[in-house]
Structure formats: structure tokens, C-alpha cells
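The values are calculated or read from the model by the stated rules, or taken from the named source; none is laboratory data. Because the structure is a prediction, the values reported are computed rather than measured. Glycine gets a Cβ as well: all are built from the backbone with ideal geometry, and neighbour counts include every protein chain shown. For accessibility, only protein heavy atoms count, side chains too; no ligands or nucleic acids. Shrake-Rupley method; radii C 1.70, N 1.55, O 1.52, S 1.80 Å.
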Amino acid sequence: MQKPIALYLQGRFVADRITREDVAKGIGYFRDALELDPGYALAWAELSRAHLNEAGYSWAPLDEGFGKARMAAERALELEPDLAEAYVALGLVQMNYDWDWQRAERVVQACAGVCSRECGSAARRRGPGRDPWPQRRGGRTGATRRGARSAQHECPPESGCALPCRGSSR
């Protein structure tokens, strides 16, 4: 019998390939991990991200995919209120499905305010020096990025956090 963390890591590995088959396979691994440990917040957050990809690439019906993504992100936040990955997933649902820019900005601010370890892990996934909130539709992106920058936080230099921090050039 595999441990939940092994299933989570396998899910991340395959889902990050972002092909229809691999995202579906990743969802299966995340569900298996959650079956063994329903309180595994990080697995809920990654399940949300996988459902975001499914819906975003039209591999699943939009309402269904984004609905599952929202539910999984909200469950992750219930379990672990400081989990940046869950904030990122919820914010992406609000930006890409709800088109609710004000709520998405509040989620960006909440994400920037969580502990530096969590912020760093979510931001590093998108790559060093890259905006954790990718460019989006309708020219509204600048305001969302400004919201993230206005909610700057402090991280120790060794955290590797890619979010803008007070007193740094990032």
C-alpha cells in the first residue's frame, strides 16, 4: 500500500506534463492520496490545479471542471488556511471562470500574506523571477499584479520566494 505523499508526488509528476491523459492520471493519484488521508490539504490544492487545467484546456465541461477546482481549493483552505497553493488555485478560478477581479485581488493579497515557506513554494513552481499571476484577459492584469505588489510581504533571503518582497529587488 502506497503512502499518501507518494501518491501526491506521482500525481504532481504526471499532472505537470499537462496533457489530457496525464492530467487525468494525476487526478487519479490525487484522489487516491485523499482516499488514504482526506486531511491532506496540499493534495486538495493540487487536485484543484489539475481540475483547473482540465477545464482551462476544455478537456472537461467548464462548469464541472471549475466547480471541482473551486471545491478542492476551498477544502484545502479549510484544512490549512496558510496554504499558498490553495490561494493560487482559488484565485485562478475567480479570474478565469468567475471573472471576479476584485475577489481575485483579495486572494492574491491573502496569498502574499501567508508564511514565506508557502509563498515561496507556490511562486517557485512558476519559475524564478516570474510573476505568480500570469497575464490574463482584458487589460485587467496590471491591476491584479498591482494588488499582489501592494500586498508585499517579507521573506528571509534563503526562502527562495519569487514573490515581490519588501526590501528586495524582486
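Points to keep in mind about this one:
- Just one residue in the set Phe66, Phe30 is assigned to a helix (DSSP H, G or I), open to solvent by less than 30 Å² (accessible area, probe 1.4 Å) and over 23 Å from Val108 (Cα atoms); that residue is Phe30.
- Residue match in segment 115-122 (condition: closer than 19 Å to Leu9 by Cβ, at pLDDT below 90, open to solvent by 10 Å² or more (accessible area, probe 1.4 Å) and more than 13 Å from the chain's Cα centre (by Cα)): yes
- Members of segment 50-63 that are open to solvent by less than 50 Å² (accessible area, probe 1.4 Å), within 15 Å of the chain's Cα centre (by Cα) and not acidic (Asp, Glu): Ala50, His51, Leu52, Asn53, Ala55
- Within segment 83-107, considering residues that are outside any helix (DSSP H, G or I) and hydrophobic (A, V, I, L, M, F, W, C), the one surrounded by the fewest Cβ atoms within 10 Å (Cβ to Cβ): Trp99
- Restricting attention to segment 33-52, the residues that are of a type in the set (Ser, Thr, Tyr) and not in a helix (DSSP H, G or I) total 1.
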